[in-house]
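Below is one structure, written out as structure tokens, with a few remarks after it.
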Amino acid sequence: MVEAGPKDQATADANGKTAARRTRTSSKKKPEPPTTLLMVRHGKTPTTGKLLPGRAPGLHLSDEGRSDAATIAARLFDAHPKPVAIYCSPMERAVETASPYAALTGIEPVQNRAIIECDFGEWTGRELSELSKLDQWRTVQQRPSLFRFPGGESFVEMSDRMRSFMLEMEERHKGQVVVAFSHADPIKALVADCLGMHLDQFQRIVISTTSVSILSIDHGVPYVAGVNITASITKGTN
């Protein structure tokens, strides 16, 4: 029997430590990638920029809105041909905007009331030029966190439901890509929240029709990868 010398023992110890490190490394789980949430605003309607349509039924995309929806659908499909799910607001204009992308992917959109337009209550259907003359309009623009639409929803409630939707998407679709079709104010509020902005500053964010805003959520922590990306921007024009 040959006894191991100090040099042999040191070599054996080193080999053992290396093997142990390999075992620990191989046993570690790979970290899950963040969940990607693409928020898309609906296309133009005949009243875009003129009225506050809110949740009034029967408002459909204009010819331009349908054309823009098809264009952004093609660009979304180029980047994300197989998202895990497509969600949309139940309003007709959002459903119609989601339709071309759904047709390309073969995925049926799921309507979700968490991402519906803000409930403007008694202001629904009124002209923006008329509303802008009201004293309350200054609060809407400068201190929205304090405002509730008469007979409708507050901006705080709208922001809260959008945040809950985002966190639900991470829980339900961890590490995957989700595309959701919604409305300007809800998307603005969610982007502001993800950026750590106070709700009173959310009106500073621009969300154009058929624009895409890209969010990622990693263990409940949101990150903003892009805001208000439109087909014209991706073409290199403004």
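Where a number appears in this text, it was derived from the coordinates with a stated rule and is not lab data. Keep in mind that this is a model prediction, so the values were computed, not measured. In this analysis, Cβ positions are derived from the backbone assuming ideal geometry, glycine residues included, and neighbour counts consider all displayed protein chains.
Tabulated values for the structure
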| quantity | calculated |
| --- | --- |
| Sequence-separation-based contact order of the chain, relative, with Cα cut under 8 Å and 6+ spacing, percent | 28 |
| Of the trypsin sites (Lys or Arg not before Pro) in segment 162-238, those whose Cβ has at most 13 other Cβ within 10 Å and which sit in DSSP loop | Lys235 |
| Cα shape, segment 27-167, gyration tensor, a/c 1.5 rule | oblate |
| Kyte-Doolittle mean at least -1.0, axial Cα span of 18 Å or more - DSSP H helices of the chain | 63-79, 92-105, 155-172 |
| Cα gyration tensor, segment 155-238 - rounded (a/c under 1.5), prolate or oblate | oblate |
| Label-point separation, Glu157 to Ser145 (7 Å along Cα→Cβ), nm | 1.9 |
| Anisotropy class of the chain from Cα gyration tensor, a/c 1.5 cut | prolate |
| Per-residue HN-Hα couplings for segment 176-183 [Karplus 6.51, -1.76, 1.60; θ = phi - 60°; Hz; x = Gly/Pro] | 10, 9, 10, 10, 10, 9, 9, 10 |
| Computed helical MRE - 222 nm, the chain, DSSP H runs ≥ 4 contributing -39500 (n - 2.57), nearest 500 | -13000 deg cm²/dmol |
| Lysine pairs meeting the criterion (Cα under 26 Å, 8 or more apart or interchain), as found in the chain | 21 |
